[in-house]
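Since the structure comes first, as structure tokens, the remarks are kept for the end.
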Amino acid sequence: FNPFGVYLGRIFSQGYVPDEVLEAARIDGAGDLATYFKVALKMLGPGLITLFLFQLTAIWNNFFLPMVMLSDQKLYPVSLGLYQWNSSATVSPEYYPVVIMGSLFAVLPLILAFMLLQRFWRAGLTAGAVK
């Protein structure tokens, strides 16, 4: 967990889950765990997906930590591999198309994740919950 994720999750949950909805769940007889899992967690879905995508992007684009921690170049992530290819392209220009295609393939998993998880960003989940 990073501090920004904790802050964003706290602010989102304070603003997006009205106290009236939680009180209504308690009046209906739901306990604390049932209120959390059946009511609040479903309302917090867009915020959790946003935090997941922030973390996924940060981990996928991590550059310095793998460079310091890994000694075998075969274990390098995509960002370090592209860096090495780009360093080779300054000496041999025939590597430039490889670097460009590698950059495209490096971005495709992130684009795919954003496209697949986009359906979880729903507006107005609590629009009619509170008068």
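Structural remarks
- Rg/Rh for the chain (Cα atoms only, Rh after Kirkwood) is 1.19.
- Cα radius of gyration and Dmax for segment 1-44 (Å): 11.7, 36
- Debye, to nearest 20: dipole size of the chain, +1 on Lys, Arg Cβ, -1 on Asp, Glu Cβ: 200
- Expressed in Å, the radius of gyration and Dmax of the Cα atoms of segment 62-130 are 18.9, 64.
- Computed lengthening from Q84 to L70, 0.36 nm per intervening residue step minus Cα-Cα distance: 3.6 nm
- Percent accessible area from carbon and sulfur atoms, the chain, protein chains only, probe 1.4 Å: 68
- Compared with the direct C-alpha span, the chain from D28 to F63 gains 7.6 nm at full extension, assuming 0.36 nm per residue.
The values are calculated or read from the model by the stated rules, or taken from the named source; none is laboratory data. Just so it is clear, the structure is predicted and the values come from calculations on it, not from any experiment. Cβ atoms come from the backbone with ideal geometry, glycine included; neighbour counts cover every protein chain shown. Calculation scope for accessible area: heavy atoms of the full protein, side chains included, ligands and nucleic acids excluded. Shrake-Rupley method; radii C 1.70, N 1.55, O 1.52, S 1.80 Å.
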